[in-house]
Structures are given as structure tokens and as C-alpha cells.
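Written below as C-alpha cells is the structure these notes are about.
The values are calculated or read from the model by the stated rules, or taken from the named source; none is laboratory data. This one's a predicted model, so the numbers in the text were calculated from it and none came from an experiment. Positions of Cβ are generated from backbone atoms using ideal geometry, with glycine treated the same way; all protein chains shown enter the neighbour counts. These accessible areas exclude ligands, DNA and RNA; they are computed on the full protein's heavy atoms, side chains included. Shrake-Rupley method; radii C 1.70, N 1.55, O 1.52, S 1.80 Å.
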Amino acid sequence: MITLLYDGSFDGLLTAIFEVFEYRYKDVEIISKEKFHQENIFAEIHEVITQPDKAERVLVKLEQNIGKSGIQELLKVYLSEDPELEALILSAIRQSIRHPQENILQNYADNDILKISKINKSVSRERHRMTAFVRFEKMQDGVFFAKIDPDFNVLPLIRKHFKDRYQDQKWMIYDLRRNYGILYDLENCEFFYPEEKIDLHRYDEKFHDEEKNYQTLWQRYFVKTNIVERKNLKLHIQHVPKRYWKYLTEKR
């Protein structure tokens, strides 16, 4: 068994997969350096240095074999943070090389492809919920700030949605679990990676006065429009799972 260690990035993973074919490795495992714990002292380690040109060559080949939509499916597997993501993506790419004329991502008789399909559904559902449940709050500096804690790493998947929708205001979305975010300054929409977690202690004291008034009005509106006789908590939770409530203004 040969263990390929990569830096955890998507380009790094694609570089590792390129080198699996380049060096004709058969029995391999790909693991990010962050997750690696060497248990077998006799294991052969191959350290991968991320090379964008190699990653690009893999993407070009994938686009030929499974199309851009197929690449998006594999990207969602990567963003799912599933413990088997490297093995699943390698399996799919190997199959696409063996059967370039087939739509291998629809071969649900294969266990790996079936799992890829299930992961895609889960990640897509989380992406949709993030676009629906993100709540921006205006801060004293005029920036609209939103904090999220998604089950999957969906920030790269929602970036375009918010950039297109909110072009006339500065905003920031911060992933509490993964300690990074997106910042839009009316010109650029970029990812940012703070060295330390953003301090949210006494967070509400940093609200703009307009935000405090807005939240009060919104909470009153929510109470007034709630028809007690038609309350269906079970159905409500199906549409708005409880794990999102702590970030919704109307649930405070």
C-alpha cells in the first residue's frame, strides 16, 4: 500500500490523483496531511506537492469524460468532508478513464457511484438551505454580517448566489465551524481566512442602531402573523430544521 499525502486542497487532491496515474500506482490511499496518523511504520509514503498544471490536466480530462456537471458532482463530494472523499473521487476518475464513452456517474449499481449520488443530494440540500436561512445583520461599520455553521463546507457553492443577489451592499458570511468566510466590498468577492476565530463575544453590542430596530419589528411581525390554530410544528421543522433556528432573527 502506498499512501499519498496532500495538503487538503482540491487542487492538491487532483495533483495526487494525477500522480497515481503518472507513477502507475495500483494499491493506494490518498490522505490529507491534517488527517494522517502513521500506524504502519513500513508503509510507503509519497508526499504530494500541489501543482496547478497537473490539477488542470485532470480537470480537462474529466470535462471530456463526464462534463462540467460531473466535475461539480465530484467537487460536492470534496466539500462534503466525507471520511472517504478521496477514495470516492479516485474511484470515479478511474472509472471515467476506463469507460470514457459512458456516463459513469449514473451507474448506481456501483457502490462508490451510489454513495457519490447520495452525498450530492445531501450537499445540494444544505446549499439550498443556506441560501434560504442566512440572516444578515447590519453592524456599526455598515457591513452586513452573517454567521453560519453548515454540516458541509458549502461556502464555495453559495458564493455566486449572494454575490449576484446583494451587489449594492458590503457583506460578509462567516463559517463558524471552519473559521473562514466570504467578504464582498462592492467590487471584489473573496474568501478570507482569519488566523484566529472571530470573537463573537457580546456580538449584539456591535449591531448598528438600525439593525436593533429592524430585529424588533421583524420579531413583532412574526408573532402577529403566526396563526395559533394552524400551527403545525412537525411540518415547520421539516422545512426549517431546528439546527438553523439559533441564527434566525424570528426565532430569538
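Please go through the range 139-174 and pick out each residue that is closer than 16 Å to L200 by Cβ and open to solvent by less than 70 Å² (accessible area, probe 1.4 Å).
The answer is M139, V143, F144, F145, A146, K147, I148, D149, M172, I173, Y174.
Return yes or no: is E81 among the charged types (D, E, K, R), loosely packed, with under 15 Cβ neighbours inside 10 Å and over 21 Å from L157 (Cβ atoms)?
No.
Assess whether D112 counts as being acidic (D, E), closer than 25 Å to L88 by Cα, assigned to a helix (DSSP H, G or I) and open to solvent by 40 Å² or more (accessible area, probe 1.4 Å).
yes
Tell me which residues, restricted to the range 182-201, are exposed (fewer than 10 other Cβ atoms within 10 Å of the Cβ) and in contact with a strand residue (DSSP E or B) (Cβ under 8 Å, 6 or more places away or on another chain).
If the condition is that a residue be exposed (fewer than 10 other Cβ atoms within 10 Å of the Cβ) and in contact with a strand residue (DSSP E or B) (Cβ under 8 Å, 6 or more places away or on another chain), then Y193 is the only one that fits.
For the range 34-47, which residues satisfy the criterion of being open to solvent by 60 Å² or more (accessible area, probe 1.4 Å) and assigned to a strand (DSSP E or B)?
Result: E44, I45, E47.
Taking interchain pairs and intrachain pairs at least six residues apart, which have beta carbon atoms under 8 angstrom, with the first residue in the range 174-202 and under 18 Å from G142 (Cα atoms) and the second open to solvent by 40 Å² or more (accessible area, probe 1.4 Å) and polar (S, T, N, Q)?
L186/Q167; L186/Q169
Tell me, yes or no, whether the range 48-57 has at least one residue that is in contact with an Asp or Glu (Cβ under 7 Å, 6 or more places away or on another chain), open to solvent by 60 Å² or more (accessible area, probe 1.4 Å) and closer than 23 Å to N153 by Cα.
Within the range 48-57 (the criterion being in contact with an Asp or Glu (Cβ under 7 Å, 6 or more places away or on another chain), open to solvent by 60 Å² or more (accessible area, probe 1.4 Å) and closer than 23 Å to N153 by Cα), the answer is yes, since at least one residue qualifies.
Please determine, by comparing only the residues of the range 117-134 that are open to solvent by less than 40 Å² (accessible area, probe 1.4 Å) and over 15 Å from the mean Cα position of the chain (by Cα), which one is modelled with the lowest pLDDT.
F133
Which one of I71, I119, I31 is touching an Asp or Glu at 6+ places or on another chain (Cβ under 9 Å), closer than 30 Å to D175 by Cα, free of Cβ contacts under 8 Å to residues at least 24 places away in the same chain and not in a loop (DSSP other than H, G, I, E, B)?
Criteria check complete, one pass: I71.
Condition test on E63, is it loosely packed, with under 14 Cβ neighbours inside 10 Å and within 18 Å of I2 (Cα to Cα)?
In short, no.
Examine the range 88-99 for a residue that is on the phi < 0 side of the Ramachandran plot, open to solvent by 30 Å² or more (accessible area, probe 1.4 Å), of a type outside the set (A, V, I, L, M) and over 25 Å from the mean Cα position of the chain (by Cα), and state whether such a residue exists.
There is at least one residue in the range 88-99 that is on the phi < 0 side of the Ramachandran plot, open to solvent by 30 Å² or more (accessible area, probe 1.4 Å), of a type outside the set (A, V, I, L, M) and over 25 Å from the mean Cα position of the chain (by Cα).
V60 is checked against (1) part of a helix (DSSP H, G or I); (2) in contact (Cβ under 8 Å) with a residue 40 or more places away in the chain; (3) under 24 Å from L157 (Cα atoms) and fails just one. What number does that condition carry?
Only one criterion in (1) part of a helix (DSSP H, G or I); (2) in contact (Cβ under 8 Å) with a residue 40 or more places away in the chain; (3) under 24 Å from L157 (Cα atoms) is unmet by V60, namely (2).
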